[in-house]
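Quick note: the coordinates plus some simple rules give every number you see, no bench work behind them. Everything numeric in this text was worked out from a predicted model, so none of it was measured. Backbone-built Cβ (ideal geometry, glycine too); neighbour counts: all protein chains shown.
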Amino acid sequence: GMADEIMVMYAGRVAESAPAADLFRRPAHPYTRGLLDSVPRLDADHDELKPIRGLPPIVTKLPPGCPFAPRCDFASDACRRDYPAAKTIGGEHFTHCHHPLQEVSA
């Protein structure tokens, strides 16, 4: 069967963790969104795939802050400077992102 929960990691760090259905329906981290956009779909043309720009980092030479920042379309100075603390999107869904794609729960 399918996993109940999924943890997405980038360069050895957790980017996002959520119940599987929620993660596929509402990805909150730009890396997770990029992964999902790069998966071939049976109901779409193959030329519609969106690659994640740039190259993965060398894990022994990670930049300060978020390791995905150099490849992220939403990166700010805070992303490049500080690794983001976990933000709860809702329930058991959380992301380590300064600019999550989904609204953070109160």
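Observations on the model:
- Residue-averaged [θ]222 nm for the chain, counting only DSSP H segments that reach four residues, each worth -39500 (n - 2.57): -4000 deg cm²/dmol
- Answer label, with mean projected area of the Cα convex hull in nm² calculated from the coordinates and candidates [x] 7.1; [y] 5.8; [z] 7.7: [z]
- Local net charge near residue 32, Cβ-Cβ under 12 Å (Lys/Arg +1, Asp/Glu -1): 0
- Local net charge near residue 19, Cβ-Cβ under 10 Å (Lys/Arg +1, Asp/Glu -1): -3
- Taking 0.36 nm per residue of sequence separation and removing the Cα-Cα distance, the residue 3/residue 37 pair yields an extension gain of 10.3 nm.
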